[in-house]
């Protein structure tokens, strides 16, 4: 077991290092000069020597390999460099913006889970005939809707048409209702799909027939016997869902004008602020790797059947 | 091949794209719920599928010959016709510059669709090349390529495409490249798994045994047989590429105004949500319909292959 954990952690670190390297190659080693783009702007009125000084401060002229070693050393100690646009440390920017995004994403994740369960339960309760096929087609509709458009339509319908939720100067929690819903809808789709498929699969197992034969009602079987077996596999896509959540946050924060990692990302792209984007890319890759690692290690604990064949868990 | 195997083959749950997981669903349904239905020999008429083909045909015609569908100009506005609600004259209304929204949607199809196609072609070719190399050579080459694929999958697709956008700059072509780049990893993974399973089959062994060279067997036997399940996946990717491109367009990283790209249309209409609802509603509905249709068709392709 200990060996398994060590090798999994080692693999995770390797993926993380490779993610850093890819983002470094994409963002910093390639030609293109964000320092020049920003400071050549005549508004700043800088002389050639001053620009050269700034470039030296940002180490923009150094050769690639020492820069790489330097940057990776800094990243390990939590120093992500300086934002060109804001002129402050990227780590400070991240620390300032992370809490609001985590709150948004966490609420959205919870809402998505609730939505997915509602879809799964409704389509599995008897007496829904035609409605059942409609409910089962909801997830494929949900993934076909552009997130940003969904956000705008929600504003249009709930804020401007029915005036239910204010968008101009909303309360702290009131302002989160529509953004959370916007992210939750596309995230709930894959969850619901997996739930629906697993429920169908588990319902064919012998122990379900046994429970039925003993006289259990459909709802009882679903809740007592099927639910646990159907929920666990959702964990396997937790890492991917996290990526979707982050993408949803980028779009939603832009649409609703919220502060957070998403709007930080958008600004970083607008101003070619490479250091900020690289930090965000590496941190999200780290989160993805960490989530997958946690799921891998937790899965045998949650599903004792897997303990005997640990090597098969991937 | 048994039905169950077919289901397994199409599961691609670890792909970054939720659409891939959905393509897995019908396979499981066939395997678990309705084995009797799958045996029926007459093809039932599927109104949903016909409708999907119909929508796609119209979207393609919009892209190929927009002039047939509208007589207005997509870029030049009409004086005195600003922000008109949908009517007989402009049946999806007009925007702030007096341009007919329906006309802009029709002319925008070519940008949204060719962009998505270009992106998918990039992903398909690069991904297939990587997958075939990894799957056929094996050994450390396979190991390295698949590790890189793992890493690419660990970065959220949107962030990956934004990194490419920062690198290349804004624009229609660059947005398409960025979106295409994000799908390389999923294509490579799928193709590799197919190649690995095809390589183990008897006819490939027989081809080698009767004196075929490595490349000839690869080209004649392994590649064509590996690509069948890739077709449905490719169709699926077109839908997600349309979505991703419209997102980049909405954020302002795609085609510059006054290009009538669908995402950009929604972004422009956003300033008038309180007064002119049709400016955001119509382009979004068109995009959703097209993406739904693409997904429906790809689902049908996937089913037909089994």
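In this structure, does residue B:222 turn out to be away from chain A (no Cβ under 14 Å), surrounded by fewer than 18 Cβ atoms within 10 Å (Cβ to Cβ) and in contact with a helix residue (DSSP H, G or I) (Cβ under 6 Å, 6 or more places away or on another chain)? No: the conditions fail for residue B:222.
Results for (1) surrounded by fewer than 18 Cβ atoms within 10 Å (Cβ to Cβ); (2) part of a helix (DSSP H, G or I); (3) within 11 Å of chain B (Cβ to nearest Cβ), shown as yes or no for each residue.
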site	(1), (2), (3)
A:94	no, yes, no
A:110	yes, yes, no
A:133	yes, yes, yes
A:149	no, yes, yes
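Tell me, yes or no, whether the stretch B:95-109 has at least one residue that is loosely packed, with under 15 Cβ neighbours inside 10 Å and assigned to a helix (DSSP H, G or I). There is no residue in the stretch B:95-109 that is loosely packed, with under 15 Cβ neighbours inside 10 Å and assigned to a helix (DSSP H, G or I). Of everything in the stretch B:267-306 that is within 24 Å of residue A:161 (Cα to Cα) and within 20 Å of the chain's Cα centre (by Cα), the residue that is farthest from the other protein chains (Cβ to nearest Cβ) is B:286.
One line per residue, one yes/no per condition, for (1) under 30 Å from residue B:98 (Cα atoms); (2) out of contact with any helix residue (DSSP H, G or I) (no Cβ under 6 Å at 6 or more places or on another chain); (3) surrounded by 24 or more Cβ atoms within 10 Å (Cβ to Cβ):
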{"position": "B:170", "(1), (2), (3)": "yes, yes, no"}
{"position": "B:176", "(1), (2), (3)": "yes, no, yes"}
{"position": "B:186", "(1), (2), (3)": "no, yes, yes"}
{"position": "B:218", "(1), (2), (3)": "no, no, no"}
{"position": "B:246", "(1), (2), (3)": "yes, no, yes"}
{"position": "B:258", "(1), (2), (3)": "yes, yes, no"}
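Being within 11 Å of chain B (Cβ to nearest Cβ) and within 26 Å of residue A:182 (Cα to Cα) is a property that does not hold for residue A:274.
Among the residues of the stretch B:129-176, those identified as within 14 Å of chain A (Cβ to nearest Cβ) and outside any helix (DSSP H, G or I) are B:155, B:156, B:169, B:170, B:171. In this structure, does residue B:189 turn out to be within 14 Å of another protein chain (Cβ to nearest Cβ) and over 30 Å from residue A:268 (Cα atoms)? So residue B:189 passes the test.
Whether a residue is within 30 Å of residue A:203 (Cβ to Cβ) and touching a residue at least 40 places away in the same chain (Cβ under 8 Å) was assessed, and residue A:105 does not pass this test. If the condition is being in a loop (DSSP other than H, G, I, E, B) and at pLDDT 80 or above, then the stretch B:261-276 contributes only B:261. Go through the stretch A:249-261 and give me each residue that's at the interface with chain B (Cβ under 10 Å from one of its Cβ atoms) and either more than 17 Å from residue A:177 (Cα to Cα) or touching a strand residue (DSSP E or B) at 6+ places or on another chain (Cβ under 7 Å) (or both). Once the filter is applied, which keeps residues that are at the interface with chain B (Cβ under 10 Å from one of its Cβ atoms) and either more than 17 Å from residue A:177 (Cα to Cα) or touching a strand residue (DSSP E or B) at 6+ places or on another chain (Cβ under 7 Å) (or both), the stretch A:249-261 yields nothing.
The values are calculated or read from the model by the stated rules, or taken from the named source; none is laboratory data. The shown structure was predicted, so the numbers you read here are calculated from the model rather than taken from an experiment. Every residue, glycine as well, gets a Cβ built from its backbone with ideal geometry; the counts of neighbours run over all protein chains shown.
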